[in-house]
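The values are calculated or read from the model by the stated rules, or taken from the named source; none is laboratory data. Since the model is a prediction, treat every value here as computed from it, not as a measurement. FYI the Cβ positions are ideal-geometry reconstructions off the backbone, even for glycines, and counts take in every protein chain you see. Note: areas computed on protein heavy atoms with side chains; ligands, DNA, RNA excluded. Shrake-Rupley method; radii C 1.70, N 1.55, O 1.52, S 1.80 Å.
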Amino acid sequence: QERMPQTPPFAAVFDSSGYNRNLYQSKEDNCGGLYYHENNLLSGSLEALIQHLVPNVDYYPDRTYIFTFLLSSRLFMHPYELMAKVCHLCIEQQRLSEPGLDKNRIRKIAPKILQLLTEWTETFPYDFRDERMMRNLKELAQRIASGDEMYWKNIQQLLQNLIRKLATVSQYEEVLAKINATSTDCPTVLKTKPQSIQRDIITVCNDPYVLAQQLTHIELERLNYIGPEEFVQAFVQKDPFDNDKSCYRDQKKTRNLEAYVEWFNRLSYLVATEICMPVKKKYRARVIEYFIDVARECFNIGNFNSLMAIISGMNMSPVSRLKKTWAKVKTAKFYILEHQMDPSSNFYNYRTALRGAAQRSLTAHSNREKIVIPFFSLLIKDIYFLNEGCANRLPNGHVNFEKFWELAKQVSEFMMWKQVECPFERDRKILQYLLTVPVFSDDALYLASYESEGPENHIEKDRWKTLRFVSEV
């Protein structure tokens with residue numbers, strides 16, 4: 001049996017310029033609706049780009065092109081519409097609908113079509129939560145198999161892998177829903193400050209290194225479920241060249257990206273809650289120093305998202321106003337971490353550290369060295385500005401493919417990072433606490449903060465009175 005075409009891992013796909021330089025000589029139609037400059041595909045009509053995606057007996061598109069086009073095409077059409085066109089082109093061009101199809105011909109083209117479908121289902125599985133996608137996929141697979149039964153096994157494998165992936169994401173969404181249901185805000189009944197409203201973080205995990213490792217577990221698990229298309233779907237608007245048909249903002253199949261941003265917010269509030277809760281100043285200072293150690297270990301691991309969430313929590317007003325508490329803290333380590341995540345010069349220090357971690361990841365000998373968890377809100381912002389800064393279409397109606405190489409380059413780096421297996425041992429008790437322990441709302445945090453260290457001016461006194469009144473009602 002002829003082997004399927006092999007594809008390199010993501011790391012090898014995009015070079016420093018955004019894509020491999022000499023890929024596009026394999027297809028002779030250097031015009032045909034596609035515009036090149038020095039062998040680099042810069043733009044093309046949507047139809048020509050779709051045609052360029054479809055393999056034939058002599059040609060298979062490069063993996064960078066497949067990824068880039070599948071990622072960006074959703075800005076112009078629904079994935080199910082693209083799938084329908086791809087299926088139609090495969091069937092028409094390869095005459096797969098003809099009776100008595102030549103088996104030799106099928107053997108030349110079938111592995112390539114199956115490889116394209118494999119790339120699509122493995123990299124963008126959430127597209128197939130749409131029944132129309134599944135229908136088209138099965139119909140094309142059926143055509144190939146009816147031409148030669150030896151491909152049944154490959155097709156079954158492809159479908160099983162896809163169904164397994166979709167089942168896993170459904171289970172994950174159910175778990176998230178349960179977690180969200182149990183981790184509602186603490187009620188703001190803090191008339192007098194209770195001795196202990198709940199167990200605190202240090203009794204659950206007294207080792208900051210272990211806590212940093214458990215945070216990394218949560219980060220990597222949640223990163224892993226984010227589909228690359230979720231970055232692009234956030235920008236879907238109307239395509240001006242498609243009359244007034246709006247694209248499919250209403251068709252979004254997942255919200256893993258939003259769930260991940262919510263986790264960042266939860267961690268920030270959890271840190272602030274743990275600091276504002278203790279009655280004794282000495283213990284509050286100990287909690288702050290504990291989180292500084294957790295944050296430092298997150299930095300060492302390459303977990304920049306948890307690091308930033310912890311710093312954000314410590315910089316929240318109810319925490320930063322606790323001057324008597326902070327006076328008892330050895331703050332030198334904290335200022336070093338703050339400096340690393342300083343937003344000035346477009347987060348220059350953080351970006352330098354991230355590049356260092358990414359470099360380490362490429363030459364890593366262990367999973368521990370491979371970990372790169374970016375500060376996620378900034379990654380989304382970067383991709384957003386890249387999208388906003390360039391038009392999707394050129395004045396002649398061509399798709400601005402040069403822009404999409406850059407977009408794909410950023411997203412493909414993220415794809416590499418999200419596939420890392422977490423090397424640390426899981427601790428269910430600590431994970432359970434981090435994910436489900438109630439955290440205070442803004443008002444509850446201020447109330448706890450004023451109970452810890454009284455209001456210092458008229459504004460704080462008025463706010464405290466209002467909060468106490470509300471909590472008593």
Open item on the list: How much length would be gained if the chain were fully extended between residue 351 and residue 92, taking 0.36 nm per residue of separation minus their Cα-Cα distance, in nm to one decimal?
Closed with: 88.4 nm
Task: Full-extension gain in nm, residue 385 to residue 362, via 0.36 nm per residue minus C-alpha separation - done: 5.6 nm
Open item on the list: Beyond a 22 Å Cα-Cα separation, which of these cross-linked pairs lie in this structure: 85/153; 108/138; 280/330; 282/330?
Closed with: 85/153
TODO: Quote the relative contact order of region 37-164 in percent (integer), defining contacts as alpha-carbon pairs under 8 Å separated by 6+ residues.
DONE: 27
Open item on the list: Which of the three applies to region 36-83, rounded, prolate or oblate, going by the alpha-carbon gyration tensor with a ≥ b ≥ c and a/c under 1.5 meaning rounded?
Closed with: oblate
TODO: Quick one: grab the alpha carbon gyration tensor of region 37-164, order the square roots of its eigenvalues as a ≥ b ≥ c, and give me rounded if a/c is under 1.5, else prolate or oblate depending on whether a/b is larger than b/c.
DONE: oblate
Open item on the list: List the residues, sorted by chain then number, that are 5 or more residues from residue 42 or on another chain and whose placed amide H is less than 5 Å from its amide H.
Closed with: 35, 36, 37
- [ ] Under 1.5 on a/c is rounded, so check that first for region 316-454, then, if it is not, pick prolate when a/b is larger than b/c and oblate when it is not; a ≥ b ≥ c are the square roots of the alpha carbon gyration tensor eigenvalues.
- [x] prolate
Task: Dimensions in Å of region 340-391 - Rg and Dmax from alpha carbons - done: 13.2, 41
Open item on the list: Can you work out the Karplus-derived ³J(HN,Hα) for every residue in region 397-406? Use 6.51 cos²θ - 1.76 cosθ + 1.60 with θ = phi - 60°, whole Hz, and x for glycine or proline.
Closed with: x, 5, 6, 7, 6, 4, 4, 6, 4, 5
- [ ] Would you please give the residues with an amide H less than 5 Å from that of residue 393, counting only those at least 5 places away or on a separate chain, with H modeled from the backbone geometry?
- [x] 400
Open item on the list: Ignoring ligands, DNA and RNA, please state the percent of accessible area on region 37-164 from carbon and sulfur, probe 1.4 Å.
Closed with: 46
- [ ] Return the long-range amide H neighbours of residue 62 (sequence gap of 5 or more, or a different chain), with a cut-off of under 5 Å between placed amide H atoms.
- [x] none
Open item on the list: On a 1.4 Å probe surface of the protein chains, which of 164, 468 comes out largest in accessible area, and what is the full order?
Closed with: 164, 468
Open item on the list: At R0 = 35 Å, how high is the FRET efficiency between residue 327 and residue 472 if r is their beta carbon distance? Nearest 0.05 is fine.
Closed with: 0.65
Task: Packing-based order for 383-389, 112-118, using average beta carbon neighbours within 10 Å, highest first - done: 112-118, 383-389
